[in-house]
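Notes follow the structure.
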Amino acid sequence: MSRAYPYRRPPGDVVTIGPWLRLTGDSVDELPLDLPDWDYGTVLHLKRPMRVDGLRAREACGLSAGSAVTLTVVWAAANSSLRGQAWQGPVPAVDGAELEIDFELPGDELGGRLDLETSLILQAAEAGSSATAPSRPGSVLWREVHSVMLQGDAVLFPLAVVDFEQVRYPSGAAWHLELSEDLDSQALGSILLLANKRRPVVTSALENAADPTEADRLVLSTVQSEVVRSLVERAVVDDEFDPANDYAAGTVGALLTSVLVATFPERDLDALRCSQ
C-alpha cells in the first residue's frame, strides 16, 4: 500500500535515474548488488547521472517556479546503524536538467547492507504557491532507494592482530571482541575484534576476508557466529541495556538492539534472561 501524503506530489517520471557507478582507480563500473571485496579500509567513490524536469515537478506540486528544490542522497548502513547526507545539489526550474551525483563514503562507517536514498526535497516554497502544495522545508516530493550488500565474507568490525601473551586475554584464545560498556558511545569507535597472532589459521582467514579460500570461509563463518553470540550475551547480562530505549543511531545500544531483534525476532529480552 502506497503512503498518502498531505500535499501534492509530481509524477514519478519527472526524474530519470541513471545507474549507480563505482569509481576505482582509473575505471568506472556499474555498482553491483553486492561487493564481496569490500572491507573497512575501502572508500566507496560513487557517481550517478540524473535528469530532472525541475519546472514540471514544481508545477505538478503547485509550487511557484522560484521555490527552492534540491536533489539529495542519504546513506544508511545496516551494521553500524549510521546514516548521513552524502550529497545535495539544487534543482533548477527547467525541464531536462542534467545533474551528476558524486561523493565518497569512508569504509569505517559502513558494513552490511548499504541503502542509498535519492530524493527530491523542498527547501523553501515561494510565495504564490498553491494551498495544496507542500510548504514545509524537508517535504519529500520524490524518492528512490537502491541497496547494495557490502559485507560478503568480510569481518563485521575493525580488526587488530595482537599477541595474546602480551595482553590480558587467555593465550590460547583465537580471538576476543572488545566492546565499550557505555551503551551511548558510538559503536564503530567502541568495538574492536582482536585476533591472536599465535593462531595463524584464524588471523589468515580474517586478513583474507575480502578474497577468502574455502577454508577461510569456514573460519569466518565461525567467527561471525561467535561475534553475534557475544553481542547477544552482552545484551542479556547487561542490566543497563533495555531494547525499548531510544538509543541514538550508531551507538552500542542501537547495535545490541538490532542484533537481538535479528537473532531472536520472536523472543523478548526478559524471556532470554529468564532462560539463562
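Each value in this text was obtained by applying a stated rule to the coordinates, not by laboratory testing. Since the model is a prediction, treat every value here as computed from it, not as a measurement. Note: ideal-geometry Cβ built from the backbone for every residue, glycine included; neighbour counts use all protein chains shown.
Things worth noting here:
- Three-way shape label, segment 169-223, alpha-carbon gyration tensor, a/c 1.5: oblate
- Förster radius 41 Å - calculated FRET efficiency between Asp34 and Val237, Cβ distance, rounded to 0.05: 0.75
- Taking amide hydrogens as placed 1.01 Å from N in the peptide plane, the amide H of Val91 sits under 5 Å from those of Val69, Thr70, Leu71, each at least 5 positions away in sequence or on another chain.
- With R₀ fixed at 51 Å, the C-beta to C-beta distance from Ala131 to Glu207 puts the FRET efficiency at about 0.25.
- The chain, relative contact order in percent, only Cα pairs under 8 angstrom and at least six apart counted: 17 percent
- For segment 6-76 versus segment 177-247, the gap between their alpha-carbon centres in whole angstrom: 34 Å
- Using a cutoff of 8 angstrom between alpha carbon atoms and counting only pairs six or more residues apart, the relative contact order for segment 94-235 works out to 19 percent.
- Among 94-102, 69-77, the order from most to least packed when residues are scored by Cβ within 10 Å on average: 69-77, 94-102
- For segment 46-62, 3J(HN,Hα) per residue [Karplus equation, 6.51 cos²θ - 1.76 cosθ + 1.60, θ = phi - 60°, Hz, x = Gly/Pro]: 10, 9, 7, x, 9, 10, 10, 8, x, 6, 5, 5, 5, 4, 5, 8, x
- For segment 5-123: relative contact order, % (alpha-carbon pairs under 8 angstrom, 6 or more apart): 30 percent
- What the Cβ-Cβ distance of Arg168 and Arg217 gives, at R0 = 45 Å and to the nearest 0.05, is a FRET efficiency of 0.90.
- Summed over qualifying helices (DSSP H, 4 residues or more, each -39500 (n - 2.57)) and divided by its residue number, the chain shows a 222 nm mean residue ellipticity of -6500 deg cm²/dmol.
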